[in-house]
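Q: Just passing along the structure, written as structure tokens.
Since every read-out is calculated from the coordinates, none of them should be taken as a lab result. Note that this is a predicted model, so its numbers are computed, not measured. Cβ placement follows ideal geometry from the backbone for every residue including glycine, while neighbour counts extend to all protein chains displayed.
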Amino acid sequence: MEDRVYVGNAGRDAVLDRGWILGHFKGAGDPRRSEAVEIKWGVHPRGEARSRWVRGEERTALLVLISGRFRVELPGRSVLLERQGDYVVWGRGVDHSWRAEEESVVLTVRWPSVPGYAVAEG
């Protein structure tokens, strides 16, 4: 049973893998490995923004604001997450970008977890 349980801290574990704490990219045998879903604990300083829009996204995404003020840009729409628990969901194929208007913590859930899929930065 011990091998199927992982106890950690999202803030500490997140720094090890660009914020991602669960998904296909975790090692074999790690209970945080999942082909179905990816989870990220994103800590973003004020003013941090995606370097460019994500285009052709292959997954559905849910972003939940834990703290701060966080703006998500979608085609023809800007969504401001400003109260703890505010969230936005978008489906496959929806382009997006984001910016931390204040220091923010955002929980992101994406599904499915797509091996080999990564959006290039910069």
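Q: Report, in debye and to the nearest 20, how large the dipole of region 2-111 comes out about its Cα centre when Lys and Arg carry +1 and Asp and Glu carry -1 on their Cβ.
A: Roughly 240 debye for region 2-111.
Q: Alpha carbons only, please: Rg and Dmax for region 1-107, in angstrom.
A: 14.8, 49
Q: Sticking with this one: Considering amide H positions built from the backbone, and no H for Pro or chain starts, which residues 5 or more places from Glu57, or on another chain, come under 5 Å of its amide H?
A: Gly93, Val94
Q: Under 8 Å for C-alpha pairs, at least 6 residues apart: give me the relative contact order for the chain, rounded to a whole percent.
A: The value is 31 percent.
Q: Also, I was wondering about something else. Run through the DSSP bridge list for the chain and note the antiparallel percent, rounded to the nearest 5.
A: 95
Q: Between His24 and residues 5 or more places away or on another chain, which pairs have amide H atoms under 5 Å apart, with H built 1.01 Å from N, and which residues are they?
A: Ser34
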